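The structure under discussion appears below in the form of structure tokens.
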Amino acid sequence: MVTAKMQRIPVALEQRGYQVVIGGGCWNQIGEELKGLGYGPGLKVLVVSNPLIFHHYGPQLMKVLGAAGFTASHLLVEAGEQYKTPATVAQIHDACWNERLERGSLILALGGGVIGDMAGFAAATWLRGITLVQVPTTLLAMVDAAIGGKTGVNHPGGKNLIGAFHQPRLVLVDPDTLSTLPEREFQAGMAEVIKYGVIGDSSLFMELEQAESLKSFTAMEPALLTTLLCRSAAAKAGVVAADEREGGRRAILNYGHTMGHALETLTGYTTYLHGEAVALGMHAMGWIASQEGHWTAADQRRQAMVIAKAGLPLCWPSLDGEAVVDCLSRDKKVQQGHGRFVVPRAIGKVEIRHDISAERVKEAIRVLRAPQPN
């Protein structure tokens with residue numbers, strides 16, 4: 001798929017806003033984009049990627065950077081959630097040292113959300129902060145992880161407990177790179193798109209309901225994919241601009257994530273992709289909301305149908321309820337000992353609540369558990 005026209009979504013921050021550029025082949029214009037931001041020949045660029053993604057796109061990217069007069073090097077690291085650790089970030093720091101990156105240098109993240117999070121955290125902490133550019137290659141990173149400045153790594157006790165806010169200078173989203181994305185990864189990214197529909201864009205949600213297929217890049221109409229990318233990026237940009245450091249409204253972006261993160265932590269980051277865990281988290285919070293009278297059973301069914309339409313799971317694994325509650329109590333969003341949950345009120349509207357009981361959480365994962373074999 002080639003997008004005829006580049007779409008530019010502004011992330012309008014008080015200080016140093018930036019653009020999300022969406023279009024087929026857009027990263028081939030990275031030289032012009034960076035020069036337009038004031039970066040000139042001789043700029044040192046460290047490209048951080050994983051072996052598979054770099055195999056597909058790295059050589060051309062390095063060629064483009066070189067043609068622009070930049071001095072580019074690269075580092076390849078493993079990209080699974082289990083590798084999203086301080087030890088991997090230390091590898092990036094070592095590469096920064098070896099390549100003599102300076103305060104005017106730049107780290108470019110080429111890959112999915114894990115690469116973006118780790119490279120972003122390294123950029124935030126090398127020399128107390130150097131420039132970051134995000135070139136996401138997964139749907140999840142395109143619509144969520146690459147935008148907004150959240151960076152970080154996991155701690156054995158929970159997901160993303162170690163991190164920093166560090167906004168990118170530029171985000172380049174090329175839908176064509178999704179052609180090499182495994183179908184399961186594409187479906188995981190759809191969880192974040194569904195999230196945007198539930199938290200604030202009911203018309204986007206209806207487009208998802210009406211789409212013939214949400215399960216793969218090849219099955220989705222190119223025009224619909226472009227719409228989903230632009231609408232999702234605009235939704236994320238709007239919330240981030242209103243609340244850059246999650247002091248209030250930005251917390252709604254965590255819909256499905258609080259319980260999803262607990263699920264990822266308790267299964268060792270090896271059973272579920274992040275988007276799959278988010279889908280299960282949304283389904284659980286929807287069930288809790290319907291039980292407590294916050295939204296209707298009809299809306300819960302609509303959400304479940306779209307989640308299933310995207311090929312995402314609806315059945316929770318068999319987990320100890322106390323372990324889930326304990327994990328939730330250590331979540332980074334806990335305030336004065338109270339959990340913070342994003343609860344749906346209607347398709348397109350959510351609210352923040354602190355009064356969801358531990359017993360209700362345990363009931364949800366018990367009721368939504370997959371049937372056990374006899």
| request: Quick one: which residue in Gly311, Gly268, Gly286, Gly293 is part of a loop (DSSP other than H, G, I, E, B) and more than 28 Å from Gly116 (Cα to Cα)? | output: Gly293
| task | Might you check whether a residue that is out of contact with any Ser or Thr (no Cβ under 8 Å at 6 or more places or on another chain), under 19 Å from Lys150 (Cβ atoms) and part of a helix (DSSP H, G or I) occurs anywhere in the range 94-102? | result | no
| task | Please go through the range 165-192 and pick out each residue that is farther than 20 Å from Gly25 by Cα, charged (D, E, K, R) and in contact with a Phe, Trp or Tyr (Cβ under 9 Å, 6 or more places away or on another chain). | result | Glu183
| field | Where Ala298 falls short, out of the listed (1) surrounded by 18 or more Cβ atoms within 10 Å (Cβ to Cβ); (2) at pLDDT 95 or above | value | (1)
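Restricting attention to the range 253-303, which residues are under 19 Å from Ser357 (Cα atoms) and of a type in the set (A, V, I, L, M)? Even if it seems obvious, please write down each step before you answer.
Just the residues of the range 253-303 that are under 19 Å from Ser357 (Cα atoms), to begin with: 254-263, 280-295.
Listed by number, the residues that qualify are Met259, Ala262, Leu263, Leu280, Met282, Ala284, Met285, Ile288, Ala289.
Looking only at the range 212-224, filter to residues that are surrounded by fewer than 19 Cβ atoms within 10 Å (Cβ to Cβ) and of a type outside the set (Ser, Thr, Tyr); which one of those is nearest to Gly348 (Cα to Cα)? Walk me through how you get there before you give the answer.
Within the range 212-224, the subset surrounded by fewer than 19 Cβ atoms within 10 Å (Cβ to Cβ) is 212-213, 215-216, 218-219, 221-224.
Then keep just the ones that are of a type outside the set (Ser, Thr, Tyr); that gives 212, 215, 219, 221-224.
Numbers: Glu212: 21, Lys215: 22, Ala219: 26, Glu221: 24, Pro222: 24, Ala223: 22, Leu224: 19 Å.
Result: Leu224.
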| Residue selected from the range 127-171 under the condition surrounded by fewer than 22 Cβ atoms within 10 Å (Cβ to Cβ) and touching a His at 6+ places or on another chain (Cβ under 8 Å), by the criterion nearest to Val193 (Cα to Cα) | Gly149
| Between residues in the range 144-158 that are touching a residue at least 24 places away in the same chain (Cβ under 8 Å) and assigned by TED's automatic domain parsing to the domain that holds Ala124 and residues that are part of a loop (DSSP other than H, G, I, E, B) and buried (at least 22 other Cβ atoms within 10 Å of the Cβ), which pairs lie under 6 Å by C-beta distance while being six or more apart or on different chains? | Gly149/Gln167; Val153/Lys84; Asn154/Lys84
| said: I'm trying to understand the selection: among the residues of the range 1-22, which are crowded, with 20+ Cβ neighbours inside 10 Å and modelled with pLDDT under 95? | reply: Thr3
| query | Can you find even one residue in the range 345-365 that is modelled with pLDDT under 90 and touching a helix residue (DSSP H, G or I) at 6+ places or on another chain (Cβ under 8 Å)? | reply | no
| What is the residue count in the range 1-59 for residues that are closer than 30 Å to Glu221 by Cα and in contact with a His (Cβ under 9 Å, 6 or more places away or on another chain)? | 3
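Quick one: which helices (runs of 4 or more DSSP H) lie wholly within the range 149-248 and hold at least 2 residues that are acidic (Asp, Glu), more than 22 Å from Gly120 (Cβ to Cβ) and in contact with an Asp or Glu (Cβ under 7 Å, 6 or more places away or on another chain)? Before you say what the answer is, go through the steps one by one.
Values: elements: 183-200, 202-210, 222-242.
Fully inside the range 149-248 and qualifying: nothing.
Check Ala277, Ala242 and return the single one that is buried (at least 19 other Cβ atoms within 10 Å of the Cβ), of a type in the set (A, V, I, L, M, F, W, C) and outside the structural domain of Val143 (by TED's automatic domain parsing). Can you show your working first?
Working: Ala242 fails: buried (at least 19 other Cβ atoms within 10 Å of the Cβ).
Result of the check over Ala277, Ala242: Ala277.
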| Test: Val114 is surrounded by 19 or more Cβ atoms within 10 Å (Cβ to Cβ) and either in a helix (DSSP H, G or I) or touching a Leu at 6+ places or on another chain (Cβ under 9 Å) (or both) | yes
| field | Filtered residues of the range 345-370 (kept if out of contact with any Gly (no Cβ under 7 Å at 6 or more places or on another chain), part of a loop (DSSP other than H, G, I, E, B) and free of Cβ contacts under 8 Å to residues at least 24 places away in the same chain) | value | Asp355, Ser357
| message | If I filter the range 166-175 for residues that are closer than 17 Å to Val48 by Cβ and modelled with pLDDT under 95, do I get at least one hit? | response | no
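Would you please name the residue that is surrounded by the fewest Cβ atoms within 10 Å (Cβ to Cβ), looking only at residues in the range 74-85 that are in a helix (DSSP H, G or I) and either without any contact (Cβ under 8 Å) to a residue 24 or more places away in the chain or in contact with a helix residue (DSSP H, G or I) (Cβ under 9 Å, 6 or more places away or on another chain) (or both)? Working first, answer last.
Quick first cut of the range 74-85, residues in a helix (DSSP H, G or I) only: 81-83.
Checking which are either without any contact (Cβ under 8 Å) to a residue 24 or more places away in the chain or in contact with a helix residue (DSSP H, G or I) (Cβ under 9 Å, 6 or more places away or on another chain) (or both) leaves us with 81, 83.
Values: Glu81: 21, Tyr83: 18.
So the residue we want is Tyr83.
The values are calculated or read from the model by the stated rules, or taken from the named source; none is laboratory data. What you are looking at is a predicted structure, and each value in this text was computed from that prediction instead of being measured. Note: ideal-geometry Cβ built from the backbone for every residue, glycine included; neighbour counts use all protein chains shown.
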